[in-house]
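Written out below as structure tokens is the structure these notes cover.
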Amino acid sequence: MRIDDKILQGIVKPARYTGGEWNSIPKNWETADLRVALAFPDIYEVGMSNMAIPVLYEIINGIPGALAERVYAPWIDMEQALRQHNHPLCSLETGRSLRDFDIIGFSLGYELSYTTVLNMLDLSGIPVFSAQRDGSYPLIIAGGTCAMNPEPLSDFIDVFFAGEAEGMLEEILTVVRQHKNNRNTLLRNLAKLPGIYVPRFYSALYREDGTLASLHPAADSAAPAGIAKAVADKLRPVTRPVVPYIEVIHDRAAVEIQRGCSRGCRFCQAGILYRPIRELPEDTVLETAGCLLENTGYNTLALISLSSGDYSNIHHLVRTLSDRYARAGITISLPSLRLDKSSIDLIDSLPAGRKTTLTFAPEAGSERLRRAINKWIPQDAMMETFASAFEKDWMNLKLYFMVGLPTETSEDVKDIAVMVDSVSRLGKSIRGRPPRVRVSVSSFVPKPHTPCQWSAQDTGGQLEAKQAILQGLLRRSGVKLSWHDTKTSLLEAVLARGDRRLGAVIYSAWKKGCRLATWSELFDYSRWQQAFEECGIDPSFYAHRERNTSELLPWQHINPGVSTAFLRAERERMFSGELTGDCRAEACNLCGLQGSHHSCRARARETV
């Protein structure tokens, strides 16, 4: 049921919905006995930049008898056209309605996409509530970082997958194949697999003060009390990704050279969830890069990692790629570099070309606060790094900071301006002209499974006061300041740390028209506020309340591999300003991952 040309007339960027891209895989629908729709709850340009979906797409389509197709959220004009013509949301590969698939798998990377999930189900003619769907409807599965606190969406999702699906995917699909005609039997068998959480088998009880008293499985469900995160033993590089017809957010070839980070920034959820570190061996990176460039035609190759400079032999890898592709005009991109002089040397070793923008994330302006969040970079070392950049004529910088971090004072906020001012003066003294510095200031959002998961988020008034300090201090030539909307940050914190009672709020907000809330022009907090009021829920209870470390947290049944004891200890070190070393180079920090230090370090050296 491909979308008719009449519907596409007048639609902005119709190529978002037509499919047929280079390297897409339209398998035979009739001969497949298991059909999976990989769904991303944002528009095409964002979803096509996601790194997880291409991996799952390639794995599933490599399984005999199975097919995977893609679907993204339509923009407002397309949604209106679909509803006006009573046309369901369809997959890109064969134009099938999502209603026809056996599985719809949502990738959840951002909390503000939750209402878009409901909207995509509704556009497909699928009841949004799990309890209203029988075996005649597709099984709705969700994974991604947000699945590590599945409770806010537990009313709508049949099955959550905690962790990395690469190693478990074939086993999950086998169970679905065997039992897809009996929904109850299917869910019971899925619940026995590692990483699988079936929310309908669990009941939550609350105390009079609103805190969670218990979350336990039904006795007759055979579901486990705790769900351990699944970890993929090996990275599976994609060599033939789908190439979009239109420009997307990350329009490039990309190789995930390393997964995980051992730096231990205390606010960082990804640093916990993607442990242990696993590297793609250098020869595999080189082979993958060659295949990608040949199969896609891109002229930019990005080496992806949470901290690319920490990859073993990164200098040798970059030199080899530069020597191999310099004459072909291929640009090598290194996102996520640490703010130190070696990063400047690394960037400078890339093929000569136009000096673009160097991006770094000091996160905090003062040494004291950087110690507290365990992002320890001495002030002198940072200035040495900036000096090295200016000496090599890198005069465009983008610096990321946060306000509202635990233990932060107004002096810490002012120190952001002091640092930016020092950087500007340094650049002028070295090059005779001030650098162009873009300063991006986000609001701290406490995330599950981090040492900050118990911390309160600053109120909107507190955050706006800190933003005002920077707005007043950073009025100088060459400096451009941007900041996040405090209402967006509030909602992110509520949904990140919420429980299943928030399902009513999400549903109400969606009914009021909330979707694609990741786009500022569509975000309307007043509708969310109405939804909170109608449901009798105070968002401050979830966002602005400091939680006791003995409180049962809504996500505590999901085990990220790192122990709660370690997170508590890191929280204490945050308040005392005590640093925790990088266990990749120093002693084991006893985080509890995999049960032993040996397995943490050894995994980083495994050969794929």
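Values for this structure:
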{"quantity": "Descending semi-axes in Å of the range 145-207, equivalent ellipsoid built from Cα gyration tensor", "calculated": "21, 15, 9"}
{"quantity": "For the range 1-134, the Rg and Dmax computed from alpha carbons only, in angstrom", "calculated": "14.1, 40"}
{"quantity": "Packing-based ranking, highest mean first, of 519-529, 222-232, 482-492 given that Cβ atoms within 10 Å are counted", "calculated": "482-492, 222-232, 519-529"}
{"quantity": "Net charge dipole size for the range 224-287 [Lys, Arg +1 and Asp, Glu -1 on Cβ; Debye, nearest 20]", "calculated": "420 debye"}
{"quantity": "Gyration tensor verdict on the range 482-555 (Cα atoms; rounded if a/c is under 1.5, prolate if a/b is larger than b/c, oblate otherwise)", "calculated": "oblate"}
{"quantity": "Fraction of alpha-carbon pairs over 14 Å apart in the range 227-268 - percent", "calculated": "69 percent"}
{"quantity": "Using alpha carbons only: equivalent-ellipsoid semi-axes of the range 218-342, gyration tensor based, whole Å", "calculated": "32, 19, 14"}
{"quantity": "Under-5 Å amide H pairs with S333, H placed in peptide plane, nonlocal only", "calculated": "L301, A302, L303"}
{"quantity": "Ascending count of other beta-carbon atoms within 10 Å, so fewest first, for D538, D323, D100, D209", "calculated": "D209, D323, D538, D100"}
{"quantity": "Selection from A417, L463, T407, by position along the positive dipole direction of the range 395-463 (Cβ)", "calculated": "A417"}
{"quantity": "Cα→Cβ-extended label distance, 7 Å offset, between D4 and R433, nm", "calculated": "5.8 nm"}
{"quantity": "The range 64-131 - Debye-derived log10 I(q)/I(0), Cα point model, q = 0.12 Å⁻¹", "calculated": "-0.32"}
{"quantity": "Global geometry of the range 433-568, whether rounded, prolate or oblate, following the gyration tensor of its Cα atoms and the 1.5 cut on a/c", "calculated": "oblate"}
{"quantity": "Relative contact order (%) - criterion: Cα under 8 Å, at least six apart; region: the chain", "calculated": "14 percent"}
{"quantity": "Rounded FRET efficiency, nearest 0.05, which uses the C-beta distance separating E533 from L286 and R0 of 41 Å", "calculated": "0.10"}
{"quantity": "Along principal axes, Cα extents of the chain, largest first, whole Å", "calculated": "70, 63, 54"}
{"quantity": "Summed residue charge, Cβ within 13 Å of L89's Cβ, Lys/Arg positive, Asp/Glu negative", "calculated": "+3"}
{"quantity": "Peptides ranked, highest mean first, by Cβ atoms within 10 Å: ranges 272-278, 150-156", "calculated": "150-156, 272-278"}
{"quantity": "For the range 323-454, convex hull of alpha carbons as volume per residue, Å³", "calculated": "119 Å³"}
{"quantity": "Hydrodynamic radius by Kirkwood, which averages 1/r over all alpha carbon pairs of the range 68-107, in angstrom", "calculated": "10.9 Å"}
{"quantity": "DSSP beta bridge pairing in the range 229-382, given as percent antiparallel to the nearest 5", "calculated": "20 percent"}
{"quantity": "Cβ-placed point charges (K, R +1; D, E -1), dipole of the chain about Cα centre in debye, nearest 20", "calculated": "720 debye"}
{"quantity": "Amide H partners (placed H, <5 Å) of V231, local residues excluded", "calculated": "E164"}
{"quantity": "Whole-Å distance, taken between Cα centres, linking the range 535-554 and the range 202-244", "calculated": "20 Å"}
{"quantity": "FRET E, pair T409, S440, Förster distance 30 Å, beta-carbon r, rounded to 0.05", "calculated": "0.90"}
{"quantity": "Share of pairwise Cα separations in the range 265-324, more than 15 Å, in percent", "calculated": "57 percent"}
{"quantity": "Electrostatic dipole magnitude of the range 101-231 [Cβ: Lys, Arg +1; Asp, Glu -1; Cα centre; debye, to 20]", "calculated": "340 debye"}
{"quantity": "Phi to ³J(HN,Hα) by Karplus 6.51 cos²θ - 1.76 cosθ + 1.60 over the range 41-48, Hz, x for Gly, Pro", "calculated": "x, 7, 6, 3, 4, 7, x, 6"}
{"quantity": "In Hz, Karplus ³J(HN,Hα) per residue of the range 135-141 (6.51, -1.76, 1.60; θ = phi - 60°; x = Gly, Pro)", "calculated": "x, 7, 9, x, 6, 9, 10"}
{"quantity": "Per-residue HN-Hα couplings for the range 191-203 [Karplus 6.51, -1.76, 1.60; θ = phi - 60°; Hz; x = Gly/Pro]", "calculated": "4, 7, 8, x, x, 9, 10, 10, x, 5, 7, 10, 10"}
{"quantity": "Under-5 Å amide H pairs with L481, H placed in peptide plane, nonlocal only", "calculated": "V439"}
{"quantity": "The range 172-201 and the range 416-477: distance between their alpha carbon centers, rounded to Å", "calculated": "47 Å"}
{"quantity": "Descending Cα extents along the principal axes, the range 154-282, whole Å", "calculated": "49, 42, 31"}
{"quantity": "Lys/Arg +1, Asp/Glu -1 at C-beta; the chain dipole; positive extreme among A587, L121, P434", "calculated": "P434"}
{"quantity": "Long-range Cα-Cα pairs in the range 436-495 (distance over 15 Å), rounded percent", "calculated": "54 percent"}
{"quantity": "The chain - mean residue ellipticity at 222 nm from DSSP helices (-39,500 (n - 2.57) per run, n ≥ 4, rounded to 500)", "calculated": "-10000 deg cm²/dmol"}
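Every number in this text was worked out from the coordinates using simple rules, so none of it is lab data. Values in this document were obtained by computation on a predicted structure and should not be read as measured data. In this analysis, Cβ positions are derived from the backbone assuming ideal geometry, glycine residues included, and neighbour counts consider all displayed protein chains.
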